[in-house]
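The values are calculated or read from the model by the stated rules, or taken from the named source; none is laboratory data. Just so you know, these numbers come straight off a predicted model, no measurement behind them. Virtual Cβ from ideal backbone geometry, glycine too; neighbours counted across all protein chains shown.
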Ligand SMILES: [Ca+2]
Ligand SMILES: [Ca+2]
Ligand SMILES: [Ca+2]
Ligand SMILES: [Ca+2]
């Protein structure tokens with residue numbers, strides 16, 4: 001067992017806030033926040049208020065000394081072999097994260113790091129690499145009426161990259177701190193322009209608490225060097241939060257956008273240098289849920305991408321100007337994403353409320369048995385897809401396919417609906433955006449979108465962070481990964497193509513790519529044992545250095561010289577693996593359906609047991625399927641003319657046909 005030591009209690013240092021004038025020139029009214037830790041400044045008018053963070057305030061974070069057992073610092077090759085994919089890359093496990101949820105009854109996970117919302121890197125003031133993760137430990141019971149603060153854990157692992165791949169990689173420092181925050185938006189920004197980054201967290205309290213509780217919170221800045229945090233802004237129900245230097249003074253401004261319906265209706269625009277936030281009411285044609293910002297290089301302003309309406313029917317690009325602490329939006333372009341829904345059905349959401357929701361007919365079914373529920377993705381990302389210097393846009397359209405029996409009164413939104421998505425890539429031609437590519441996707445548990453040239457061909461690639469965290473499978477390493485063709489179109493690389501670049505170690509749940517000191521790396525969260533779902537489900541943190549093209553060419557030449565038969569075996573193994581994956585997915589689906597059919601009036605505590613049984617059944621079925629797939633390989637692989645893709649396609653078609661019966 002790992003021992004955790006609580007080292008430091010909260011220490012409050014004295015601080016002073018500075019008030020700015022109201023936009024209309026009047027003096028703001030100063031008051032103390034509910035928790036007494038910062039000042040709120042309100043201007044007279046309802047529509048306009050201003051608040052200033054106590055930016056000098058530094059609260060030392062609660063800190064755990066260590067979460068690494070030196071026995072577990074090891075080569076990635078020591079992880080479970082079931083999904084292991086060999087790679088020439090050097091790779092080490094640098095930490096193990098394991099923390100029991102405070103309220104375990106209502107949740108399927110055993111360790112809060114299984115559902116972590118952040119995996120990213122930074123370079124600290126010593127020039128060393130740090131891997132950063134964040135996970136929420138929900139502090140309220142579902143439906144509880146409370147003002148209890150949330151809790152987020154931030155893990156920072158400072159590592160010596162020279163020893164990567166060895167069994168004793170040097171972990172220089174590895175604090176875990178606790179911040180009283182809950183969030184779906186974090187940005188890594190050098191807030192104070194001292195050359196190293198801080199983590200900026202847009203606080204909100206949608207953590208399952210009762211709707212009569214406040215869901216609004218201030219924002220937090222975590223300083224890695226001092227292991228302390230400060231707060232800024234007034235409490236908002238922040239659903240979108242973007243950063244960018246809008247006035248070109250070197251400091252990133254923050255646009256803090258609350259959900260405009262029921263729990264607040266403001267947009268906060270916070271100056272990067274002063275952290276003073278000015279609040280304006282929601283501008284027309286800006287609805288929350290997928291806002292992203294790109295700023296013009298060496299020029300004031302930028303482009304905001306956002307929903308145009310709360311019906312999720314259209315998406316907008318607007319030019320942003322930043323004046324007197326406020327933003328103004330000038331429409332640039334618009335894309336009609338969906339036609340108007342024409343049906344309604346009754347739904348029960350995850351907190352048990354009944355609500356009528358809109359959607360469309362699923363062809364061939366009455367709407368009380370199948371329903372396509374309108375939904376929306378919560379993310380977009382702007383980056384240069386075609387290398388012409390301007391920012392293009394990627395986002396996905398998401399709806400939910402719902403299924404129930406006719407006799408049930410309402411659809412259970414969590415258990416009876418699954419998301420279906422389509423990724424859109426828009427090329428920017430002088431502020432006009434056209435669809436350059438689109439791909440059907442399974443959105444899964446995506447919580448961030450990133451670009452990185454993964455295959456080092458000079459064309460920018462794109463991937464979604466967080467892959468397997470809510471499933472019982474380990475067979476999809478990165479659900480949504482796209483390699484760029486350099487012209488705004490993308491292809492989904494095969495497992496074979498990916499395996500030439502990076503490995504797969506244990507049961508991976510998320511991957512993040514980055515450069516450090518001229519080398520490329522992948523860091524990932526993984527589980528050591530994919531078969532054993534009982535116990536702690538510790539999350540292992542790995543770092544893999546991605547070999548250069550020259551290194552790989554040399555390795556490949558050596559490999560080729562060794563033997564041709566090895567290659568054939570690899571091909572056969574890849575086909576068998578993919579077949580097993582598809583079969584396992586099907587088996588799991590069938591098992592889940594069986595479990596759902598069996599359940600009549602399920603209490604929360606019984607749910608996890610049923611999930612376990614379903615998962616166990618799925619595993620058994622998957623094992624049988626895998627054996628069958630392996631057996632099948634021996635008589636099909638020798639047909640040389642048939643490509644791997646054809647084989648897989650044929651096999652998937654077979655399965656689809658079976659499912660259709
Ligand atoms: Ca800084
Ligand atoms: Ca600025
Ligand atoms: Ca471009
Ligand atoms: Ca590329």
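At-a-glance table
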{"read-out": "Of the criteria (1) touching a strand residue (DSSP E or B) at 6+ places or on another chain (Cβ under 7 Å); (2) under 30 Å from residue 389 (Cα atoms), which one residue 348 fails", "value": "(2)"}
{"read-out": "Selection status of residue 200, within 16 Å of ligand 2 (Cβ to nearest atom), under 30 Å from residue 145 (Cβ atoms) and either out of contact with any helix residue (DSSP H, G or I) (no Cβ under 9 Å at 6 or more places or on another chain) or modelled with pLDDT under 95 (or both)", "value": "yes"}
{"read-out": "Only one of 404, 418, 397, 432 that is surrounded by fewer than 17 Cβ atoms within 10 Å (Cβ to Cβ) and more than 30 Å from residue 84 (Cβ to Cβ)", "value": "432"}
{"read-out": "Index of the failed condition, residue 518 passing every other in (1) on the phi > 0 side of the Ramachandran plot; (2) in contact (Cβ under 8 Å) with a residue 24 or more places away in the chain", "value": "(2)"}
{"read-out": "For residue 382: the one exception among (1) in contact (Cβ under 8 Å) with a residue 40 or more places away in the chain; (2) over 20 Å from residue 307 (Cβ atoms); (3) part of a strand (DSSP E or B)", "value": "(2)"}
{"read-out": "Test: residue 488 is part of a loop (DSSP other than H, G, I, E, B), farther than 17 Å from residue 376 by Cα, in contact with a strand residue (DSSP E or B) (Cβ under 6 Å, 6 or more places away or on another chain) and within 16 Å of ligand 3 (Cβ to nearest atom)", "value": "yes"}
{"read-out": "Counted residues, the stretch 143-200 - those being surrounded by 18 or more Cβ atoms within 10 Å (Cβ to Cβ), part of a loop (DSSP other than H, G, I, E, B) and without any contact (Cβ under 8 Å) to a residue 60 or more places away in the chain", "value": "4"}
{"read-out": "Candidate set: the stretch 230-243, residues that are under 23 Å from the mean Cα position of the chain (by Cα) and touching a residue at least 40 places away in the same chain (Cβ under 8 Å); chosen: the one surrounded by the most Cβ atoms within 10 Å (Cβ to Cβ)", "value": "238"}
{"read-out": "Tally of residues being surrounded by fewer than 21 Cβ atoms within 10 Å (Cβ to Cβ) and away from ligand 3 (no atom under 16 Å from the Cβ) across the stretch 376-394", "value": "1"}
{"read-out": "Single unsatisfied condition, residue 138 versus (1) part of a strand (DSSP E or B); (2) within 18 Å of the chain's Cα centre (by Cα)", "value": "(1)"}
{"read-out": "Sole residue being under 26 Å from residue 428 (Cα atoms) and modelled with pLDDT of 95 or more, chosen from 231, 300", "value": "300"}
{"read-out": "Among (1) more than 24 Å from residue 447 (Cα to Cα); (2) modelled with pLDDT of 95 or more; (3) within 27 Å of the chain's Cα centre (by Cα), the one test that residue 380 misses", "value": "(1)"}
{"read-out": "Subset of the stretch 98-135 [in contact with a strand residue (DSSP E or B) (Cβ under 7 Å, 6 or more places away or on another chain), surrounded by fewer than 19 Cβ atoms within 10 Å (Cβ to Cβ) and not in a strand (DSSP E or B)]", "value": "124, 128"}
{"read-out": "In the stretch 201-212, residue nearest to ligand 1 (Cβ to nearest atom) [restricted to those that are in a loop (DSSP other than H, G, I, E, B) and under 26 Å from the mean Cα position of the chain (by Cα)]", "value": "205"}
{"read-out": "Residue 378 vs. criteria more than 16 Å from ligand 1 (Cβ to nearest atom), farther than 30 Å from residue 487 by Cβ and touching a strand residue (DSSP E or B) at 6+ places or on another chain (Cβ under 6 Å)", "value": "no"}
{"read-out": "Unmet requirement for residue 478, which otherwise passes all of (1) in contact (Cβ under 8 Å) with a residue 40 or more places away in the chain; (2) crowded, with 21+ Cβ neighbours inside 10 Å", "value": "(1)"}
{"read-out": "Qualifying position, being touching a strand residue (DSSP E or B) at 6+ places or on another chain (Cβ under 6 Å) and closer than 30 Å to residue 87 by Cβ, among 246, 164", "value": "164"}
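Let's see how each residue does on (1) away from ligand 2 (no atom under 13 Å from the Cβ); (2) under 23 Å from residue 182 (Cα atoms):
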| residue | (1), (2) |
| --- | --- |
| 237 | yes, yes |
| 259 | yes, yes |
| 272 | no, yes |
| 300 | no, no |
| 310 | yes, no |
| 320 | no, no |
| 339 | yes, no |
